[in-house]
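Structure first, commentary second.
Nothing in this text is a laboratory measurement; each read-out follows from the coordinates by a stated rule. Just so you know, these numbers come straight off a predicted model, no measurement behind them. Positions of Cβ are generated from backbone atoms using ideal geometry, with glycine treated the same way; all protein chains shown enter the neighbour counts.
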Amino acid sequence: MAKQAGILTNAEFKRTLAVAKAGKHGERNAMALCLSFYAGLRAKEISSIKIGDVFTNKQEVVSLANLTKEQTKGSKSRTFAVNSKLAVALRTYHEQMDLAQYDSSEPLLRSQKGKAITPNSMTCILIKLYKDAGLEKKSGHSGRRSFLTNLADKGVGIHILKELAGHQNIQTTARYLATSPTKLLNAAELL
């Protein structure tokens with residue numbers, strides 16, 4: 001079985017976000033981290049998001065964003081929820097990057113050349129940010145795994161997690177969720 005992506009604590013996420021914001025392409029890289037950690041998106045999905053996927057024609061953040069089958073893994077369209085923290089980050093990014101000047105079909109996150117970032121490059125960006133933040137055991141999937149595990153720890157059922165992750169099989173979702181002795185003891189104390 002493949003090694004699981006490391007899960008980020010809130011402190012590690014905040015540290016990585018600070019590193020992203022302070023570096024080259026800070027706004028873009030911070031937005032990529034937020035899409036991973038707050039929405040559980042894959043690198044392919046993050047790199048394929050268009051401005052019109054997350055903003056209305058009136059430049060307002062959507063609450064549910066739809067991704068086409070071309071934008072996702074497994075060639076199946078899906079919807080992701082934009083929570084309040086992600087909405088704030090998106091509004092800030094919109095303003096910082098002056099996205100109103102671009103067509104809604106343009107990529108949300110751009111390379112230095114103004115093109116969409118490839119999924120492989122997005123993975124490399126995320127890994128480098130974690131490494132620069134001193135988090136050697138994190139991967140491009142760490143934000144996604146953290147998103148699902150954090151929600152599970154707060155009592156969100158696995159069927160909802162499956163939908164949020166865009167998984168077709170509940171066993172795939174279950175593999176994302178981390179357990180620990182503390183979690184097992186806390187669960188037993190619920191009786």
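Under 5 Å from the amide H of Ser139 lie the amide H atoms of Gly6, each residue being 5 or more positions distant or on a separate chain, with H modelled from the backbone and absent for Pro and chain starts. The GluC sites (Glu not before Pro) of segment 85-168 that DSSP puts in a loop, and whose beta carbon has at most 12 other beta carbons within 10 Å, are Glu136.
When the trypsin sites (Lys or Arg not before Pro) in segment 104-166 are filtered for DSSP coil states and for at most 15 other beta-carbon atoms within 10 Å of their beta-carbon, the remaining sites are Lys113, Lys115, Lys137, Lys154. Placing a label point 7 Å from the Cα of Thr118 along the Cα-to-Cβ direction, the residues of segment 129-165 whose backbone N falls under 20 Å from that point are 129, 140-141.
Suppose only helical runs count, i.e. DSSP H with n ≥ 4. What mean residue ellipticity at 222 nm does that imply for the chain under -39500 (n - 2.57) per run, divided by all residues and rounded to the nearest 500 deg cm²/dmol? Here the helix-only value at 222 nm equals -15000 deg cm²/dmol.
Rounded to whole numbers, the Karplus 3J(HN,Hα) couplings from phi for segment 9-26 are 7, 4, 5, 5, 4, 4, 5, 5, 4, 5, 4, 4, 4, 7, x, 4, 6, x Hz, using 6.51 cos²θ - 1.76 cosθ + 1.60 with θ = phi - 60°, and x at Gly and Pro.
Between Phe55 and Val62, the built amide H atoms are under 5 Å apart, and every one of these is 5 or more places off in sequence or on another chain. Under 5 Å from the amide H of Ile117 lie the amide H atoms of Ser111, each residue being 5 or more positions distant or on a separate chain, with H modelled from the backbone and absent for Pro and chain starts. Label sites at Asp103 and Gln59, each approximated as a point 7 angstrom past Cα along Cα to Cβ, lie 2.0 nm apart.
Using only Cα atoms, locate the centre of segment 41-62 and the centre of segment 88-125, then give the distance between them in Å, rounded to an integer. The two parts, judged by their Cα centres, are 9 Å apart. Along segment 66-81, what does the Karplus equation 6.51 cos²θ - 1.76 cosθ + 1.60 (θ = phi - 60°) give for ³J(HN,Hα), rounded to whole Hz, x for Gly and Pro? Once rounded to whole Hz, the list reads 9, 10, 6, 4, 6, 8, 10, 7, x, 6, 9, 5, 7, 10, 10, 8. The stretch between Thr179 and Lys3 holds 61.9 nm of extra length on full extension. This uses 0.36 nm per residue minus the Cα-Cα distance. Give the label of the value calculated from the structure for semi-axes √(5λ) of the Cα gyration tensor in Å, choosing from (i) 107, 27, 8; (ii) 28, 19, 15; (iii) 23, 20, 17. Correct label, based on the coordinates given: (ii).
Rounded to whole numbers, the Karplus 3J(HN,Hα) couplings from phi for segment 37-48 are 7, 8, 10, x, 7, 6, 4, 4, 5, 4, 6, 9 Hz, using 6.51 cos²θ - 1.76 cosθ + 1.60 with θ = phi - 60°, and x at Gly and Pro.
Of the trypsin sites (Lys or Arg not before Pro) found in segment 8-107, those that fall in a DSSP loop while having at most 11 other beta-carbon atoms within 10 Å are Lys24, Lys58, Lys69.
Working from Cα positions, state the angle (0 to 90°, nearest 10) between the long axis of helix 142-153 and the longest principal axis of the chain. Orientation of helix 142-153: about 50 degrees from the principal axis.
Label separation (Ala81 vs Asn186): 1.9 nm, computed from points 7 Å beyond Cα along the C-beta direction.
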